[in-house]
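Beneath this line is the structure, given in structure tokens, with notes to follow.
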Amino acid sequence: MHDSTDAKSLDPKAVMLWRMQRLIRLLVVTIPMLIAVGIAAASVVRSELVIVLVITLIAVNGVLAISWPALEYGAFRYAVRDEDLLVQSGVLFKRWSSIPHNRIQHVDTRQGPMERIFGLSRLLVFTAAGMSADGSIPGLRTAEAERLRDLLSRRGGDDGV
Amino acid sequence: MVSEDDDKPEHTDEIAIDELDGDDKPTEEADRPEPHVPDESPTRPFQRPRMSSPSVSEAGIDPAEIGPSVHDFDSVGMHLEAVPQPSGNGNPLMTDPSIELPEPLDTLVAGGMMEADTLLTPDTPWRSLHPVSLAVNLLPRAWATVRNMWPILLFIFLGGEGFGFRLAELMIVLIFTLASVWNTFIHWATLRYRMHQGRLEINTGLLNKQSRTIDPARIQNVELVQNLFHSWAGLVELRIDTAGELSTEGLLSALSVEDATELRDQLARVGSLTSSDDESEVIEPIVSMGIPEILAFGLTQRTIGTVAVIAIVGFEFMNQAGPEVAREVSQNLQPSTIIAALMLAFVGSWAVSALTSIFRFYGYRMTRLDDAVRTTQGLTTKRNVEIPLSKVQMVRTDEPLVRRMMGYGTVLIETAGLGVVEGQVRQAEGMVPMVEAEELSAVTACTVPHANVDPWTTPLRPAHPRSLYRAIVAASVRACVFIAIGFTFLGYLKWLTVALLPMALIGAWLDWAKQGWLVTPNSIVSRRGFFNRRTFILSRDKLQSVHVVQGPFMRLHGLSRVVVRVAGSQVSLPETGAEDTAWLEDALS
């Protein structure tokens, strides 16, 4: 896992975006779920224990939601090289991907409502290898995402299928 | 939305043929009975699977707006106009032999229309399936549907408390069977195909009409299937796979043998297949299998699943016979009886497995054509698969322990086409069931000629020594979980489960010791497993993308895993250390 010299980072706003996304998920999904499980468990185990456990879990989740995106941002690098697109990501589970330009079948940019507020987009790169995207770059400035999409989708060549 | 102009350079392959004959478009346009187009286009739900040229469907809405890109509109026009008007428009159910081509056209086509001819003719007549094929297909298809629902049927006949309950299940079976009969009928009644301007066009559907255009150069493999009924009637089913969806993209069931051969030859002239004229170039059959080898293959297939099914069915029978009988039987049950029953189950499932492989692989023969491999196999249902070598994505050899000890291995050829055969996804398009160990390298070499590597004589690079630690830890954890389960649920037998631990450790070591990888200028080889040794060989010019993954524990040991993806599948290499990974990253990207 080496750094490429010309590797770029994402837009710094991505950290804020991811924090917001994680906090929303925490509020809407995780906390209600933990409380529901806690209520169910309270009938079996002592309720003080359950309360402490639920509060700890929520706190840990909250801390992760704030801190993790910064780590993710720090771990993410991408580079468009002569022959391929390099994407490197992951904090605990690291992943390094190289997608040759001539194997790219199509490139998508996607933008959800939260991403629109921050003016960011996601870039998805598809090859013939599978149903899902082979490479994805989240948290790009929309203009940069569109530039990359046009740049990557213009290169042709033998697709090896 | 990408504009139309942006879109074009990407699809040069797709429209190349259309552009070739762009010259004669104006005359065609004059000839065509224009009024049909506006009449029909609104009634036609455009479910065109040709995703690659969105401009076509746009063109269908208003032909007048298109102007310069006539060729796109034109291909739509052809579809619309060429649907046989009397039947295709109003009621396709009224199809009868009158749709059959008039004699002169038929002879024209049968007389061997060359590639150039199909490129230049303004309109090629549509052809339908063989009239008899409906009768021939109905029984086998209905049977296949019923057979696929055997768990339900078993339940109906063995279990089932009340009569109403059984009736409901029978209804389900009946509905599915009827649906399959209906589909067979629709396929037969509405399917029209033709080879037009270098493309294969297939129209089907009654309510949801579908017109499909297949570029012969994109065909991954062609399969000719002839079951017993087909061969009695002199028919053959043609299955054409491209790299698109999960089903066979072009299914023509069924054509007369002559029509099928002719269509295949027409496809061969434009695409990457080999026509029957070139059969003389057949190099000696690479592999052929005798009955003993087929039997050996059947016997070395995994049989534990079948044994489980037989055991469950036997148990169910005992319960049906009556609770007293079951109790009596279980009281008189000696360990020797249990072992005998298990042996019987194994022998039975082996017999079934051997029998099915005889049916599947009887007369197996694989031949190498100029730039394709062709396999022929089957006792009652004959299959003839042709795979162009340029489309082979990966070759995998499976050498399960028993088969390996007998001196054999299995070769599987994978292309980007995924087929669904009799309800199950078939990933390997070509399979060579039994290859003698010393011939494995020759067979793989001829299926991936570009790879130019022989993993049976070339020493492979081993997996990193530290990955053994990881394997051992993982195996111990897994064994401990099983031991814990054993201790909670089993009686005095629980001490037996402790034996799992040393077994798991030995297994982990053997598995690690047999791993290997190799990257040459042309190929990538990865080998895994001791009990079921698998070797993946792929040609580097098929590589779609390269990934390196590293989990937290792998990082602890400085290991990482390289995963290479080709169209249709992916292969992971054994775990490698930092230097090897860095080297692989450089070499593969």
Pick from A:Val80, A:Val63: which is at pLDDT 95 or above and either in the same structural domain as A:Leu152 (by TED's automatic domain parsing) or of a type in the set (Val, Ile, Thr) (or both)?
-> A:Val63
Out of curiosity, is B:Ala587 within 22 Å of A:Ala79 (Cβ to Cβ), at the interface with chain A (Cβ under 8 Å from one of its Cβ atoms) and more than 23 Å from the chain's Cα centre (by Cα)?
-> no
For B:Ile524, indicate whether it is more than 9 Å from chain A (Cβ to nearest Cβ) and closer than 25 Å to B:Glu429 by Cβ.
-> yes
Restricting the search to region A:36-48, which residues are among the hydrophobic types (A, V, I, L, M, F, W, C) and loosely packed, with under 12 Cβ neighbours inside 10 Å?
-> A:Ala36, A:Ala40, A:Val44, A:Val45
Give the residue, chosen from B:Ala513, B:Ala474, B:Ala484, that is surrounded by fewer than 19 Cβ atoms within 10 Å (Cβ to Cβ), modelled with pLDDT under 90 and away from chain A (no Cβ under 13 Å).
-> B:Ala484
Check on B:Thr581, within 14 Å of another protein chain (Cβ to nearest Cβ), surrounded by 20 or more Cβ atoms within 10 Å (Cβ to Cβ), free of Cβ contacts under 8 Å to residues at least 40 places away in the same chain and not aliphatic (A, V, I, L, M) = yes
When you scan region B:368-421, how many residues do you find that are more than 14 Å from chain A (Cβ to nearest Cβ), more than 19 Å from B:Ser441 (Cα to Cα) and basic (Lys, Arg)?
-> 2
Looking at (1) away from chain A (no Cβ under 14 Å); (2) within 22 Å of A:Gly160 (Cβ to Cβ); (3) at pLDDT below 85, which is the one condition that is false for B:Ile240?
-> (3)
Looking at region A:78-105, which of the residues that are more than 7 Å from every other protein chain (Cβ to nearest Cβ) and either of a type in the set (A, V, I, L, M) or under 18 Å from A:Ala143 (Cα atoms) (or both) is farthest from the chain's Cα centre (by Cα)?
-> A:Ile104
Give me the pairs: first residue in region B:544-567 and within 9 Å of chain A (Cβ to nearest Cβ), second residue part of a loop (DSSP other than H, G, I, E, B) and surrounded by fewer than 16 Cβ atoms within 10 Å (Cβ to Cβ), beta-carbon distance under 6 Å, and six or more apart or on different chains, which are they?
-> B:Gly551/A:Phe93; B:Pro552/A:Leu92
Search region A:134-158 for residues being within 11 Å of chain B (Cβ to nearest Cβ) and surrounded by 18 or more Cβ atoms within 10 Å (Cβ to Cβ), and hand back the single one that is nearest to A:Glu72 (Cα to Cα).
-> A:Gly135
Name the strands (runs of 3 or more DSSP E) wholly inside region A:64-161 in which the number of residues that are touching a His at 6+ places or on another chain (Cβ under 8 Å) is 3 or more.
-> A:94-100
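The values are calculated or read from the model by the stated rules, or taken from the named source; none is laboratory data. Computed from a predicted structure; not experimentally measured. Quick reminder, even Gly has a Cβ in these numbers, built from the backbone with ideal geometry, and neighbours come from all protein chains shown.
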